[in-house]
Amino acid sequence: MEIVLYPHPALRWKSRPVQTIDQQLKSVVNEMFELMYANAGIGLAANQVAYPYRVFVLNLSADPDQKDEELVFINPEIVRKKGNQVAEEGCLSFPKMFGDVRRSGSLVVSAFDLDGNEFELDCEDLASRAVQHETDHLDGVLFIDRMADSMREKLDNTIHAFELDFQKKQLAGDIPSNEELLSRLRQQSG
Ligand code: CO
């Protein structure tokens, strides 16, 4: 498993709900945490490891030693959103690129944990932002889609460079074609 970079088609994939919480899902989640920490992230969605199901992980401390800060969201739904604020965001699928995004300042999210228990969480500020960013990933929506036109324009060259780099790797045979990548996702999701 590895973190896929924009414009990998998994990042535009609309993830399927998790049907059963089994050992396979648990090991995927473990690996997601490891990849997230290795890249100094605070959140990672299944799409970013080309796993076609609705799950994301968070640890706002980004510190692997703070296990009590780890949160797993299976089949998350944002049930209420309030207010809005603009702040800078990054994304592990766009290394070293940052841009301002307007998000709701607070929200309530419901999801299932790895034990299959449903929970509701009130989130504010960074937590609220991270939950919206990661939930978007599961719907194939990226933070560049949420940016104001002026912000997006400033990043256009960087975004284009990601696209060229991905195409180059596909032409060199280092990354399979989009058709192949999509067919793998379809196969994995049954
Ligand atoms: Co992201």
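Counting heavy atoms of the protein chains only and a 1.4 Å probe, report the per residue accessible area for the chain as a whole number of Å².
53
Could you count how many Lys pairs in the chain have their Cα atoms under 27 Å apart, skipping same-chain pairs fewer than 8 positions apart?
13
Name the residue farthest towards the positive end of the dipole of the chain from the options 62, 6, 75, assuming +1 on Cβ of Lys and Arg, -1 on Cβ of Asp and Glu, about the Cα centre.
6
Using only the Cα atoms, work out Rg/Rh for the chain, with Rh taken as the Kirkwood radius, to two decimals.
Taking Rg over the Kirkwood Rh, I get 0.95.
Keeping the other protein chains in place, figure out the carbon and sulfur percent of the accessible area of the chain, with a 1.4 Å probe.
Of all accessible area on the chain, carbon and sulfur atoms account for 46 percent.
In what order, largest first, do 175, 21 sit by accessible area if the probe radius is 1.4 Å?
21, 175
Mind ranking 62-70, 103-111, 23-31 by how tightly packed they are, going by the mean number of other C-beta atoms within 10 angstrom, highest first?
Sorting 62-70, 103-111, 23-31 by mean packing, highest first, produces 103-111, 23-31, 62-70.
Which residue, 40, 85, 24, has the largest displacement toward the positive end of the dipole of the stretch 19-90 when charges sit on each Cβ (Lys, Arg +1; Asp, Glu -1)?
85
Hey, what's the per residue convex hull volume over the C-alpha atoms of the stretch 1-91, in cubic angstrom?
128
Using only alpha-carbon positions, what ratio does the radius of gyration of the stretch 115-168 give when scaled by 2.2 N^0.38 Å?
1.56
Taking the highest mean first, how do the peptides 43-51, 72-80 order by number of other beta carbon atoms within 10 angstrom per residue?
Top to bottom by mean Cβ count within 10 Å: 43-51, 72-80.
In the P(r) worked out for the stretch 92-190, what percent of Cα pairs fall beyond 23 Å?
Result for the distance tail: 46 percent.
What is the gain in length, in nm to one decimal, between residue 172 and residue 189 on full extension, counting 0.36 nm per residue of separation less the C-alpha to C-alpha distance?
Additional length available on full extension: 3.3 nm.
Could you give the dipole magnitude of the chain about its Cα centre, charging the beta-carbon of Lys and Arg +1 and that of Asp and Glu -1, in debye to the nearest 20?
That gives a dipole near 660 debye.
Considering the options 98, 126, 157, tell which one lies farthest towards the positive end of the dipole of the chain, charges being +1 on Lys and Arg and -1 on Asp and Glu at the Cβ, about the Cα centre.
Looking along the dipole axis, the top candidate is 157.
If I model a spin label as a point 7 Å beyond the Cα along the Cα-Cβ vector, how far apart are those points for residue 38 and residue 18 in nm?
Each label point lies 7 Å from its Cα, and together they span 2.1 nm.
The values are calculated or read from the model by the stated rules, or taken from the named source; none is laboratory data. Bear in mind that the values here come from a model prediction, so they are computed numbers and not experimental data. Note that we place each Cβ from the backbone using ideal geometry, even for glycine, and neighbour counts take in every protein chain shown. In case anyone asks, the SASA skips ligands and DNA or RNA and just uses the protein heavy atoms, side chains included. Shrake-Rupley method; radii C 1.70, N 1.55, O 1.52, S 1.80 Å.
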